[in-house]
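The values are calculated or read from the model by the stated rules, or taken from the named source; none is laboratory data. Predicted model only: the values in this text are computed from it and were never measured. Note that each Cβ is placed from the backbone with ideal geometry, even for glycine, and that neighbours are counted across all protein chains shown.
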Amino acid sequence: MAKIKTKYVCQQCGYETARYMGKCPECGMWDTFVEETVVKENSNITNKTILEDTNPPILIKDVKIGEEIRVSTNISEFDRVLGGGLVQGSLVLLAGDPGIGKSTLLLQTSGELSGLGKKILYVSAEESASQVKLRSDRLDVNTDNLYIYPQTNFELIKKHIFEQNPDIVIVDSIQAIYSNDIQSSAGSVSQIRECCNSLMHIAKQKNITMIVIGHVTKEGNIAGPKVLEHMVDTVIQFEGDKYKSYRILRAAKNRFGNTSEVGIFEMGTKGLKEVINPSELFIKEYTQSQSTGSTIIVTNEGTRPMLVEVQALVGTTPYPSPRRVTNGVDISRVLQILAVLEKRVGLNLSKQDVYVNVIGGIDIEEPAADLGIALAVATCARDVMIDSHTAIVGEIGLSGEIRAVNNIERRIKEVQKLGFKKIIIPASNNFEEKFDNIEIVKVKKIIDAISACINNKE
Ligand SMILES: Nc1ncnc2c1ncn2[C@@H]1O[C@H](COP(=O)(O)OP(=O)(O)OP(=O)(O)O)[C@@H](O)[C@H]1O
Ligand SMILES: [Mg+2]
Ligand SMILES: [Zn+2]
């Protein structure tokens, strides 16, 4: 006999409790508990586990390293984010906003992989086979090894995975499938957790690579429990500006690679196209028309330097206390830069609103962007133009000193490649390489950087 149990589960973080609570003690959210029914089989777990026990404890020095088999997706931007390709037998969670292009990316990936002779089972839990077919026609995906399976029932999906024995399984999406073992509706925390856990087991047991799509909530979290992120091997986030055509792929977690790499795509009628040289994309409009308060910085995304435009707008405030608004950079970082500008450069911003915006919807986290932000604000406040074709890189310390940044040679090379004539870098950054056709200006203080970036002849 099955034993029926109910519990209250926080839909935000997966915290479980026996009775209803208004506020979740785990994640602090209000009104997130939903009653879920669980049917537990009274199976003898101990016996089952012993039967499957094929991996007894082993001395670490005796462990033989099996070859970590990576399969290239044939899409280099995707491979880069995965850390060099899909690891066989791993489970990747692809998360992103509605309509960002998750199904498109995975259908294109399926096309590439099946072209390489891999057998793919594409479980389409949200769309019918004909809807997927329409998309695949538009994307020119047509191969012999790609099976579409419109199904939401987990047990049936499992049956077909075992019958077909594919190399790769794609589940679109984890929120849309449900298991008969769990009474709550598809998309609830218990369902998501159970289905994901079972998929993980199948992946390891049968050495099948799985890519699972997950939706993102309004707050930008992966819908469902945080535990989902702990469970899977890799979490890839697909981001982008709804109003722009480019999309950014980034790893939030990766058991088989680093998480600093990003992949950049452009969405078009024929699907996603890789952007091989992102700098060109982000500074296209800058080179066409430049105005005060805009600078080009060189940021490092993983191992790849990228030129990005940062804009500042400074103006007298109509409010009692001035506003500080940032987009694409951390506000506390900007507040610190403003404080340094006031104290060390003597720029009075106490009656000025300051807006800082990174063009292209990308987020910059590294402090190497400090100097660029500071110069954008300072030159806008003083209404002067930064010399065009000048790029800026450097971290700012509290005493107004410019601190060294990593990978300086690679950054200079990128700037040079894009035809810039000048780069302003920290004085403490030393390097061996010689660069032609580019003026490298080393600065110690913000104040030096300001005079270095303004062309007095103009
Ligand atoms: N005919 C078309 N031409 C150009 N772009 C299109 C066309 N059809 C769809 N798109 C693009 O594809 C996007 C939808 O892609 P896709 O269905 O892969 O997204 P998704 O992330 O899977 O969405 P969902 O969350 O609804 O499953 C649209 O937002 C649009 O940008
Ligand atoms: Mg979709
Ligand atoms: Zn919670």
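Step by step: first the residues of region 250-275, then only those that are within 12 Å of ligand 1 (Cβ to nearest atom) and not basic (Lys, Arg), then the one that is surrounded by the most Cβ atoms within 10 Å (Cβ to Cβ). Which residue is that? Steps first, answer last, please.
Within region 250-275, the first condition is being within 12 Å of ligand 1 (Cβ to nearest atom), and the residues that meet it are 265-273.
Checking the rest, the ones that are also not basic (Lys, Arg) come to 265-269, 271-272.
On the way: 265: 24, 266: 16, 267: 17, 268: 9, 269: 6, 271: 20, 272: 26.
My answer is 272.
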Reported set for region 344-366 where residues are modelled with pLDDT of 95 or more and surrounded by fewer than 18 Cβ atoms within 10 Å (Cβ to Cβ) is 353
If you go through 121, 134, 94, the only one that is modelled with pLDDT of 85 or more, assigned to a helix (DSSP H, G or I) and within 20 Å of residue 149 (Cβ to Cβ) is 134
Tell me which residues, restricted to region 368-407, are surrounded by 24 or more Cβ atoms within 10 Å (Cβ to Cβ) and of a type in the set (Val, Ile, Thr).
-> 373, 377, 386, 392, 393, 396, 402
Flagged in region 109-129 as within 9 Å of ligand 1 (Cβ to nearest atom) and either buried (at least 21 other Cβ atoms within 10 Å of the Cβ) or farther than 24 Å from residue 179 by Cβ (or both), in numbering order, are none
When restricted to 336, 290, the only residue closer than 27 Å to residue 241 by Cα, more than 16 Å from ligand 3 (Cβ to nearest atom) and surrounded by 14 or more Cβ atoms within 10 Å (Cβ to Cβ) is 290
Of the candidates 104, 73, the one satisfying the condition of being within 16 Å of ligand 2 (Cβ to nearest atom), among the β-branched types (Val, Ile, Thr) and modelled with pLDDT of 90 or more is 104
Since residue 142 meets every condition but one in (1) surrounded by fewer than 14 Cβ atoms within 10 Å (Cβ to Cβ); (2) modelled with pLDDT of 95 or more, which condition does it not meet?
-> (2)
For region 291-308, indicate whether the set of residues that are in contact (Cβ under 8 Å) with a residue 24 or more places away in the chain, touching an Asp or Glu at 6+ places or on another chain (Cβ under 7 Å) and within 16 Å of ligand 2 (Cβ to nearest atom) is non-empty.
-> no
Residue in region 365-385 that is charged (D, E, K, R), in contact with an Asp or Glu (Cβ under 7 Å, 6 or more places away or on another chain) and assigned to a strand (DSSP E or B) present | no
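Restricted to region 66-91, and to residues that are part of a helix (DSSP H, G or I) and of a type in the set (A, V, I, L, M, F, W, C), which residue is nearest to residue 232 (Cα to Cα)?
Filtering first and then ranking leaves 82.
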Mind counting the residues in region 74-93 that are surrounded by 24 or more Cβ atoms within 10 Å (Cβ to Cβ) and closer than 18 Å to residue 266 by Cβ?
-> 2
Within region 75-131, the residues that are more than 21 Å from residue 164 (Cβ to Cβ) and among the basic types (Lys, Arg) are 80, 102
Checklist (1) free of Cβ contacts under 8 Å to residues at least 60 places away in the same chain; (2) within 16 Å of ligand 2 (Cβ to nearest atom) applied to residue 145, failing item = (2)
Might you let me know whether region 302-312 holds any residue that is small (Gly, Ala, Ser), in contact with a strand residue (DSSP E or B) (Cβ under 9 Å, 6 or more places away or on another chain) and part of a strand (DSSP E or B)?
-> yes
How many residues does region 239-269 contain that are in contact with a strand residue (DSSP E or B) (Cβ under 6 Å, 6 or more places away or on another chain), assigned to a loop (DSSP other than H, G, I, E, B) and modelled with pLDDT of 85 or more?
-> 1
Reported set for region 325-374 where residues are of a type in the set (Asp, Glu) and out of contact with any Pro (no Cβ under 8 Å at 6 or more places or on another chain) is 330, 342, 363, 365, 366, 370
